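Just so you know, all these numbers are worked out from the coordinates, no wet-lab data involved. From a predicted model like this one, the values you see are computed outputs, not experimental measurements. Please note: Cβ atoms are built from the backbone with ideal geometry, for glycine as well, and neighbour counts cover all protein chains shown.
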Number of protein chains: 2
Amino acid sequence: MNHEDSFAVTERNRLRRLHERGAYDRKTVFEILDAGIMCHVAYVLEGQPFCTPTIYWRQEDVLYWHGSSASRMLRHLKAGSPACLTVSHLDALVLARSGFNHSANYRSAMCFGTARLIEDEAEKAAALIAVVDRFYPDRAATLRPVSAQESKATTVIKMTIEDASAKIAGGNVEDEPEDYAHQVWAGIIPVRTVLEGEVPCPRLASEITRPATLDAYRDGRTLDDALAETHQRFKPEPA
Amino acid sequence: MNHEDSFAVTERNRLRRLHERGAYDRKTVFEILDAGIMCHVAYVLEGQPFCTPTIYWRQEDVLYWHGSSASRMLRHLKAGSPACLTVSHLDALVLARSGFNHSANYRSAMCFGTARLIEDEAEKAAALIAVVDRFYPDRAATLRPVSAQESKATTVIKMTIEDASAKIAGGNVEDEPEDYAHQVWAGIIPVRTVLEGEVPCPRLASEITRPATLDAYRDGRTLDDALAETHQRFKPEPA
């Protein structure tokens, strides 16, 4: 991977802690982003930070999410507002022989940029298709089309990633050399986020079966894997 | 539940969207908080928002987390810094008959307050025990004790919840009345975060077995349930 494939390291994304597990390259950052559906976005309103969970997706260096239609935020986003979008996957609880070395295994990506409303109608229409098709391949065309009223009621926000960092903590316990002799159970308890098999809408006509385009979400699979696969299959129109 | 059991509704925690699923009572907010181990904290540094994933826990109205020892943040937290700590649990993907009604089922709690460093040594020592015992009942006393150097290298932050809100979205698809006849598969795909059975430290002596105090984390259980149970069992010294 050449130099252009890494985000620049700046004062805001430079990792201060656990730097040996950090990365700035697009491949690592994107793999974490593309394995998720729910992120947390930090933004500031009159000095007050907000941390909002939301569905998001990525196209190249651009992140998209649905905004609250709350007017307090809209006003700020029209002019562009600094934001930080973070995606985290918890992989294991880590139980060490000292309190200090207890931790969690996780993968996280933190992305910085300026969040803006999508105001262009064609761009917004494309985003309202992408928010479905990115997760559920080829599904948007099978739905009842978006109405003008729905488009108006929906706020879509985009943020070009200006810089980003990834942190990955994995593996088993790492204790201090002198602590391994301490007589206490130590190890990791892995955590998996798995799909459980669908529950059809109770009002679904009995002849309608789940389409093969949703096979990525098969029972027992991890959500990460399903999302990574559907992201691979997602080919949006170039912006 | 009487009035004192709800957080005040203010400009910053008042829910603007999906208010029918919102709540401000401690019981609802705390149930969401106590079923989690990883939160996201938003804070602001020189106008730039940061969204940081971290392990957290709750004692009464106070949230605790480990801070980065990054000096840029320390300086601000000494004086107290406005923060927003959010915990979210994803429960299902929701596939509707229109793009507009696609969503996710989730439970989230958003808590506002002023984050501060714990500088009192006794309070910090108690927190370094709590961060272990809250998750792993009675474990701290079985570990190699915290060293002075480790305590110095660890930053613990606390934030009294000044106001908070919860949002819960559950159930199956809700489509527009006229859309139920539209011929497309609709339903939900539940997501569960489950424990997978431990992986002992490769250097663990063969005679050391996992203690019964960790039984909450049994194989196949959801992480939420394990964390809710261990929080119930957690009885910290009153601060």
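Assorted remarks:
- Shown for A:A169: label points 7 Å from Cα along the beta-carbon vector, and their distances to the equivalent points in the other copies, 3.0 nm in ascending order.
- Across the copies of the chain, B:T222 has label points (7 Å from Cα along Cα→Cβ) spaced 2.0 nm apart, shortest distance listed first.
- At R0 = 51 Å, FRET efficiency that the Cβ-Cβ distance of A:A125 and B:T114 yields, to 0.05: 0.75
- In chain A, a dipole from Cβ-located charges (positive for Lys and Arg, negative for Asp and Glu) runs towards its positive end, and of A:Y24, A:C111, A:Q48 it is A:Q48 whose Cα lies farthest in that direction.
- Placing +1 on each Lys and Arg Cβ and -1 on each Asp and Glu Cβ, with no other charges, gives the protein assembly as shown a dipole about its Cα centre of roughly 680 debye.
- Residue mean of other protein chain beta carbons inside 10 Å, A:132-140: 3
- Three-way shape label, chain A, alpha-carbon gyration tensor, a/c 1.5: oblate
- Virtual paramagnetic centre 7 Å along Cα→Cβ of B:A8, amide N under 16 Å, in region B:98-132: B:112-114
- Sequence-separation-based contact order of region B:3-192, relative, with Cα cut under 8 Å and 6+ spacing, percent: 29
- Within 10 Å of each Cβ in A:144-150, the average number of Cβ atoms from other chains: 4
- Inter-label distance for B:E46 and A:K152, nm, one decimal - labels placed 7 Å from Cα along Cα-to-Cβ: 4.4
- Once backbone amide H atoms are built at 1.01 Å from N, B:S6 has B:R26 as its partners under 5 Å, excluding neighbours fewer than 5 places away on the same chain.
- Spin-label zone in region B:89-103 - amide nitrogen under 18 Å from a point set 7 Å from the Cα of B:Q183 along the C-beta vector: B:97-98
- Aspartates and glutamates with Cα under 18 Å of B:K27, excluding same-chain neighbours fewer than 8 positions away: B:E4, B:D5, B:E60, B:D61, B:E162, B:D163, B:D224, B:D225, B:E229
- The dipole here belongs to region B:3-192: it is taken about the Cα centre, uses +1 on the Cβ of Lys and Arg and -1 on the Cβ of Asp and Glu, and is about 660 debye.
- The aspartates and glutamates whose alpha-carbon is closer than 13 Å to the alpha-carbon of B:K152, local same-chain residues fewer than 8 away aside, are B:E119, B:D120, B:E121.
- Point-charge dipole on Cβ atoms (K/R +1, D/E -1) for region A:97-148, about Cα centre, debye to 20: 440
- Converting phi to 3J(HN,Hα) with the Karplus coefficients 6.51, -1.76 and 1.60 and the offset θ = phi - 60°, region B:93-102 yields 8, 10, 10, 9, 8, 10, x, 4, 8, 5 Hz in sequence order, with x at every glycine or proline.
- Per residue, chain A reaches -6000 deg cm²/dmol at 222 nm when only DSSP H runs of four or more residues are counted, each adding -39500 (n - 2.57).
- Cα-based shape type of region B:107-168, given that a ≥ b ≥ c are square roots of the gyration tensor eigenvalues and the cut on a/c is 1.5: oblate
- Kirkwood radius for the protein assembly as shown, taken over all pairs of different Cα atoms as the inverse mean of 1/r, rounds to 23.3 Å.
- Cα centroid of region A:147-163 to Cα centroid of region B:30-63, whole Å: 27
- For B:A141, the distances from its label point to the matching points in the remaining copies are 6.6 nm, ordered from shortest, with each point set 7 Å beyond Cα toward Cβ.
- Shielding by partners for peptide A:197-210, expressed as the average number of C-beta atoms from other protein chains within 10 Å of each residue's C-beta, is 6.
- Close amide-amide hydrogen proximity is noted between B:N105 and B:D91, B:A92, B:L93, B:V94, each under 5 Å apart and 5 or more residues distant or on a separate chain (H modeled in the peptide plane; Pro and chain starts excluded).
- Residues whose amide H lies under 5 Å from that of B:G80, counting only those 5 or more places away or on a different chain, are B:L117; hydrogens are built 1.01 Å from N in the peptide plane.
- Working note: Karplus 6.51/-1.76/1.60 with θ = phi - 60° gives region B:192-204 the couplings 10, 9, 10, 7, 10, x, 6, 10, x, 3, x, 9, 6 Hz, where Gly and Pro are set to x.
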